[in-house]
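Report on one structure; see the data block that follows.
The values are calculated or read from the model by the stated rules, or taken from the named source; none is laboratory data. Just so it is clear, the model here is predicted, and its values are computed rather than measured. When we count neighbours, we look across all protein chains shown, and the Cβ atoms used for this are built from the backbone with ideal geometry, even at glycine. Protein only, heavy atoms only, side chains kept; ligands, DNA and RNA dropped before computing areas. Shrake-Rupley method; radii C 1.70, N 1.55, O 1.52, S 1.80 Å.
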Amino acid sequence: MKNRRINKNEIGLVFKKNELQNVIPQGNYWFFKGEDIQIFSTFEEFPKVQEGIFENEIMQNYLEIIQVADDELVLVFEHNNFQKVLTPGVYAFWKNKHNFRFQKVSLAHYSIKEVAKVILEKAQLNLYVRNYRIESYEKGLLFVDGRFVEMLEPGNYFWWKNNQIITLAKGDTRKQTLEVLGQEILTKDKVQLRLNFAIQFQIVDFIKAYVETKEFEKQLYVMVQMALRTLVGTLTFDELMDHKNQIAMVVLQEIVSKADQLGIQISDSGLKDVILPGEIRDIMNHVLIAEKRAQANSIMRREETAATRSLLNTAKLMEENQMLYKLKEMEYIEKIAEKINTISVSGSNNVVSELKQIFTK
C-alpha cells in the first residue's frame, strides 16, 4: 500500500487498469498496489488526461464541459475578471470549486454586440478582433464583402475576424485644396500658356463621394481642368490678361453644380499663375518697357511745360514791378555769394563806393 495526501484546492482521480474508479477531495489516503492516483488543481482547467474522460459518468458530476464550435469563441472570466479565450474544441472546468464564468460568442457575423470594449482591447483577443479608429475630423464608410453597410461617426470600432471581408473607407471632413498644375492651353489666337489653378472644397455627402462615385478627387480634377480649358480657348491672349482676375469666378460657376453631384461643396477658387512662353515673355517685357518710357517722357514734358509757364509768369510780374525785379536780382547775387570763399579787393580808396554802385543798380 502507498499513502498520498490531497491538499486544499486539489482533487484526485483514482485509476485502476486505466479505468477511472473514484474522485476524491482533500485528505490523506492509502492506496492498494495497482491503483494510480492523479492530482489536479481546481484553479485550473481540467486537462483531457485520456480519451473519453469527459464522457465518463463519474466525471460529469464534477466537471462543467464547454464545447466550442468552429465559428465560436468562449471568453473565460474568473471572479468577473477576464482570463483567457477558448478556441474551437472541448474544455472542462471543476464545478463549484472556483468562480469561473463563461461567455460564448459567435463569429458567424462580423459585428460585436455582447462584449465590452475594455475586454476587446485585451492582448489575448488581438488574434480574433479587427480594430479600426476614426478620428474626430473623419467619417467612415463600412463595406462588408464589397457592399456598403453604414456610415460611421468618429470613434474606436471592433469587429470579429471571420471569413467576411471588411473594408473601411475614411473621409476627411475638413476643407481641402486641390491644385490643377501645369495646364498647357492654347488661347483663341493660338498663344500657348501654362496655367496653375487651385480650388478649395469640402466633402458634404460621403455616400455620393465614396459609394456612388469612383475616385471623386480624380473626377473633380478633370472637371476643373475641362472648365479651365474651355474658358481659355474662347479668349484671346489680350482678353485673358485683361480679365484674368475673373477667370476663377467663371470656372467656379461652371463646376459648382457638377461638384454637388459628387457630394462636394466648392468654397473658393483662384488662378495662381499664368506662365508665358519665353518669346511671348520677352515681347511683353519690351512692351512694358516701351509703355514705361512713354509714360516717363509724358511726365517729363508736362514738368517742362509747367516750369516754362512758371518762368513766363515770373517774368511778367518782374516786368511790371521793378521792386520785384530788384529782389530777384538780390536773390541770385546771394546764391552766387554762397559759392565764394574769399574776395580780394584792389584799387583806389573808392572800392566801397564802387561795390555799392554794383549792387544798387
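Given the whole protein assembly as supplied and a 1.4 Å probe, what does the accessible area of His243 come to in Å², nearest 10?
80
For helix 351-360, report the angle its Cα long axis makes with the longest principal axis of the Cα atoms of the chain; keep it between 0 and 90° and round to the nearest 10°.
70
What do you get for the angle between helix 322-338 and the principal long axis of the chain? Use alpha-carbon atoms, 0 to 90 degrees, nearest ten.
Rounded to the nearest ten degrees, it is 60.
Just read off the accessible area of Asp70 with the full protein assembly in place, 1.4 Å probe, to the nearest 10 Å².
Number for this one is 140 Å².
I'd like the Karplus ³J(HN,Hα) series for region 52-58: coefficients 6.51, -1.76, 1.60, θ = phi - 60°, whole numbers in Hz, and an x wherever there's a Gly or Pro.
x, 5, 6, 8, 5, 4, 5
Where does the chain land at 222 nm, in deg cm²/dmol rounded to the nearest 500, when only DSSP H runs of n ≥ 4 count, each adding -39500 (n - 2.57), divided by all residues?
Estimated from H runs of four or more residues: -11000 deg cm²/dmol.
Can you figure out the FRET efficiency of Asn126 with Ser257, using R₀ = 45 Å and their beta-carbon distance, to the nearest 0.05?
0.40
Set the Förster distance to 35 Å, then compute FRET efficiency between Asp242 and Ala307 from the Cβ-Cβ distance, nearest 0.05.
0.45
Hey, rough spin-label estimate for Lys214 and Met249, points 7 angstrom out along Cα→Cβ, what's it come to in nanometres?
Modelled inter-label distance: 3.9 nm.
Go through Met330, Met323, Met151 and list them by solvent-accessible area, largest first, probe radius 1.4 Å.
Met323, Met330, Met151
Run the numbers on the chain and let me know its relative contact order in percent, using alpha-carbon pairs under 8 Å that are six or more apart.
9
If I ignore ligands, DNA and RNA and count only protein heavy atoms, how much of Glu212 is accessible to a 1.4 Å probe, in Å² to the nearest 10?
Accessible area of Glu212: about 130 Å².
Which of the trypsin sites (Lys or Arg not before Pro) found in region 41-142 are loop residues per DSSP with 11 or fewer other Cβ atoms within 10 Å of their Cβ?
Here the sparse-neighbourhood loop sites are Lys113.
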